[in-house]
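*Asks:* One structure, as structure tokens, below. Some questions next.
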Amino acid sequence: MASANSGVVFEDFFPAMVEKLGAEGFMQELSNGFRLLMDEDKGLITFESLKKNSALLGLQDMSDEELMCMVREGDLDGDGALNEMEFCTLMFRLSPGLMKNSTNLFLEALNVDDF
């Protein structure tokens, strides 16, 4: 997926990961990703922790402005950082394939039959 603002191209591997890992396994991987990027003292992803750890995700070439935009886009409560739920929500929003199947993934993660 390409971001029109930054020119950064993200390939959407998430649907394939969900297929391989299942919804629960995929959510665990998102949680692992959150922990890799978070500020250990604050328990949140801050601009500083994202900048410091961005190379772990291959994002070392992103500018400060691009990283700040990621934090701002995902920051739903306005505290200037991402908690785990905000991070997971942002990851879903950045993946067209996941958004398309989000209800089914959610129900699978909760072990609920189709409604």
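*Asks:* Of everything in the stretch 23-39 that's open to solvent by 20 Å² or more (accessible area, probe 1.4 Å) and more than 19 Å from G74 (Cβ to Cβ), which residue is modelled with the highest pLDDT?
*Replies:* Checking each candidate, the answer is Q28.
*Asks:* Moving on to the next point. Please verify whether the stretch 30-42 includes one or more residues that are in contact with an Asp or Glu (Cβ under 9 Å, 6 or more places away or on another chain) and touching a residue at least 60 places away in the same chain (Cβ under 8 Å). Talk me through it step by step, then tell me what you get.
*Replies:* Initially, the stretch 30-42 is screened for residues in contact with an Asp or Glu (Cβ under 9 Å, 6 or more places away or on another chain), giving 30-31, 34-35, 38-39.
When the remaining residues are screened for being touching a residue at least 60 places away in the same chain (Cβ under 8 Å), the result is 30.
Within the stretch 30-42 (the criterion being in contact with an Asp or Glu (Cβ under 9 Å, 6 or more places away or on another chain) and touching a residue at least 60 places away in the same chain (Cβ under 8 Å)), the answer is yes, since at least one residue qualifies.
*Asks:* If D79 passes every condition in (1) surrounded by 15 or more Cβ atoms within 10 Å (Cβ to Cβ); (2) assigned to a loop (DSSP other than H, G, I, E, B) but one, which one does it miss?
*Replies:* (1)
The values are calculated or read from the model by the stated rules, or taken from the named source; none is laboratory data. No experiment lies behind these values; they were computed from the predicted model shown. Every residue, glycine among them, receives a Cβ derived from its backbone with ideal geometry; neighbour counts consider all protein chains shown. Accessible surface is based on the protein model in full, side chains and every heavy atom, while ligands, DNA and RNA are left aside. Shrake-Rupley method; radii C 1.70, N 1.55, O 1.52, S 1.80 Å.
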